[in-house]
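The values are calculated or read from the model by the stated rules, or taken from the named source; none is laboratory data. Here the structure is a predicted model, which is why all the values come from computation and not from measurement. A quick note on method: Cβ atoms are made from the backbone with ideal geometry, for glycine too, and the neighbour counts reach across all protein chains shown.
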Amino acid sequence: MAEQNVITSMLDDLSKEQPISTAICIGQNLEQYNQFHPILWHHFNVTEFLSLPFTQRFDLGFVILDSEMMRGLDEQQKSQMLVKLRDLLAKRIVVVSTLQDEQLLRALGFTQLIDKTTHDSDFALWQFNILTYKHIPDWFNSKFWANPENWNKFRW
């Protein structure tokens, strides 16, 4: 019941940021949450997903690395699956994983949603959103570029 509340509240929060109409799930079938959110879910196992052609981009990708069908995967298969999902098939990705996958997820650009120091269980929640992936630094704007008004005033 607690897992259902966490997923439902997470879907509520994600829907407030951007509407979710289609979603892809790897590791567990989440169609049971259609009663709370009208989302068209597509469920795949890992081998089906890796051979899936690119036909559409989904609003949300949901990966449960801690499920039974994912426990036998090695790091390379996990990486291939997450990279394909991140680069081709989903605008936003949420990953439920164990703490041992932290290095892989950080290397692929995921940010941690639930801090592992706030609880004692072997559980972590990660996300990737292409819109918030890289923060634009303050110096990266036209104000600091060529500055023609400073030509012949300062020696660079």
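General observations
- Some residue of the stretch 77-88 being closer than 22 Å to PHE123 by Cβ, surrounded by fewer than 15 Cβ atoms within 10 Å (Cβ to Cβ) and not aromatic (Phe, Trp, Tyr): yes
- The set of residues from the stretch 84-95 being free of Cβ contacts under 8 Å to residues at least 40 places away in the same chain and aliphatic (A, V, I, L, M) comprises LEU88, ILE93, VAL95.
- Which numbered condition ILE136 misses (of (1) in contact with a strand residue (DSSP E or B) (Cβ under 9 Å, 6 or more places away or on another chain); (2) over 25 Å from ASN29 (Cβ atoms)): (1)
- The residue list ILE64, ILE93 contains one member that is surrounded by 12 or more Cβ atoms within 10 Å (Cβ to Cβ), β-branched (Val, Ile, Thr) and either within 19 Å of GLU17 (Cβ to Cβ) or modelled with pLDDT of 90 or more (or both), which is ILE93.
- Cβ-Cβ contacts under 7 Å between residues 6 or more apart (or on different chains), taken from a first residue in the stretch 100-113 that is part of a helix (DSSP H, G or I) to a second residue that is surrounded by fewer than 18 Cβ atoms within 10 Å (Cβ to Cβ) and among the polar types (S, T, N, Q), are listed as LEU104/SER79.
- The condition of being modelled with pLDDT of 90 or more and within 25 Å of ILE20 (Cα to Cα) holds for only one of LYS84, LYS134, that being LYS84.
- Verdict on GLN100 being loosely packed, with under 14 Cβ neighbours inside 10 Å, modelled with pLDDT under 85 and not aromatic (Phe, Trp, Tyr): yes
- Inside the stretch 2-41, residues that are surrounded by 11 or more Cβ atoms within 10 Å (Cβ to Cβ), modelled with pLDDT of 75 or more and either over 16 Å from GLN127 (Cβ atoms) or among the basic types (Lys, Arg) (or both) make up a count of 5.
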